[in-house]
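What follows is a single structure, written as structure tokens, with notes after it.
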Amino acid sequence: MGLKTFKPYTKSTRGTILVDRTGLWKGKPFKALVSPKNSMKGRNNNGRITSSNRAGGHKKMYRHIDFYRKKFDMLATVERIEYDPNRSCYIMLVKFDDGNHSYYLAPQKIKVGDKIENGSKKEIKIGNCMPLQDIPVGVNIHNVEIQPGAGGKLARSAGTSVVISGVDGNYSLVKLTSGEVRKIDSRSLATIGVLSNPDQKNIKIGKAGRSRWLGRRPHTRGVVKNPVDHPHGGGEGKSAGGRHPVSPTGQSAKGLKTRDNKRTDRFIVKRRNNRKDTK
């Protein structure tokens, strides 16, 4: 599976680049692990817009992914690898020896028929899940728990992974894709491998209509709005906004530090690349 291009029969196909999904499951998802997903169209429970330019989109069912991987010491067989409209990476349906099924995030190089397992002291094999204390330094991992038993939170999007760079007492030093090095409890679970669909970042949608299928509405610049709608709005004739770039709520868009969680600062060993220390 790679990228596919199209002959320029129309203006939209001239620049379109999509991911070739040959080899993925072409049927419907596993019925017991899906549920309806209602679109909120960018509104909160009061009906007010909290996320602008969101509405419409193709109907989709939500696939219930098991981020906890708590079914220990039981072999599971990969039955199929599927496309999931709710996330950028692919997912895999696995069947355990007791007959139960689960959806997991699918790493690269995993194949239908492969055997995977969750638990301590397991083989360092793509798809296996185990505590950080059992994983050697330098191994690529994904779906990493920040706290033991809380479910995977880190490295869950297409083509991503993090690396264990060292050990510090009861903590493992994990290097994130941003360059940040963070201390995480060594009892936290992680899955071996790099997540699938790394070509997701190279997609060119080709036409405006495909954005509407994805639930993205047209974006209007702040400088062409009225002052009541945006801080950059108003002015006589064409104006540049009259101030440094800000969001519709007035928050600076030029590198303002918004992190305010001193409780977890002690777990950050190294800040992100090209970022000043905010301590």
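The values are calculated or read from the model by the stated rules, or taken from the named source; none is laboratory data. On a predicted model such as this, the values are computed, not experimentally measured, just so you know. For neighbour counting, all protein chains shown are included, and Cβ atoms are generated from backbone atoms with ideal geometry for every residue, glycine included.
Observations, loosely collected:
- In the range 221-246, the residues that are in contact with a His (Cβ under 9 Å, 6 or more places away or on another chain) and part of a loop (DSSP other than H, G, I, E, B): ARG221, LYS225, SER239, ALA240, GLY241, GLY242, ARG243, PRO245
- Among (1) more than 20 Å from PHE267 (Cα to Cα); (2) modelled with pLDDT of 95 or more; (3) of a type in the set (D, E, K, R), the one test that LYS153 misses: (1)
- Check on SER88, outside any strand (DSSP E or B), among the hydroxyl-bearing types (Ser, Thr, Tyr) and within 24 Å of the chain's Cα centre (by Cα): yes
Here is a yes/no grid of residues against (1) in contact (Cβ under 8 Å) with a residue 40 or more places away in the chain; (2) of a type in the set (Phe, Trp, Tyr); (3) more than 27 Å from ASP114 (Cβ to Cβ):
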{"residue": "GLY159", "(1), (2), (3)": "yes, no, no"}
{"residue": "VAL163", "(1), (2), (3)": "no, no, no"}
{"residue": "ARG182", "(1), (2), (3)": "yes, no, yes"}
{"residue": "ASP185", "(1), (2), (3)": "yes, no, yes"}
{"residue": "VAL194", "(1), (2), (3)": "yes, no, no"}
{"residue": "LYS201", "(1), (2), (3)": "yes, no, no"}
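- Residues in the range 109-128 that are surrounded by 15 or more Cβ atoms within 10 Å (Cβ to Cβ) and of a type outside the set (Val, Ile, Thr) were compared, and the one that is farthest from the chain's Cα centre (by Cα) is LYS122.
- Considering VAL137, VAL144, the condition of being touching a Gly at 6+ places or on another chain (Cβ under 8 Å) and buried (at least 16 other Cβ atoms within 10 Å of the Cβ) is satisfied by VAL144 alone.
- Within the range 201-237, tally of residues that are among the small types (Gly, Ala, Ser) and surrounded by 15 or more Cβ atoms within 10 Å (Cβ to Cβ): 6
- Unmet requirement for ARG14, which otherwise passes all of (1) over 20 Å from GLN200 (Cβ atoms); (2) in the same structural domain as GLY113 (by TED's automatic domain parsing); (3) of a type outside the set (A, V, I, L, M): (2)
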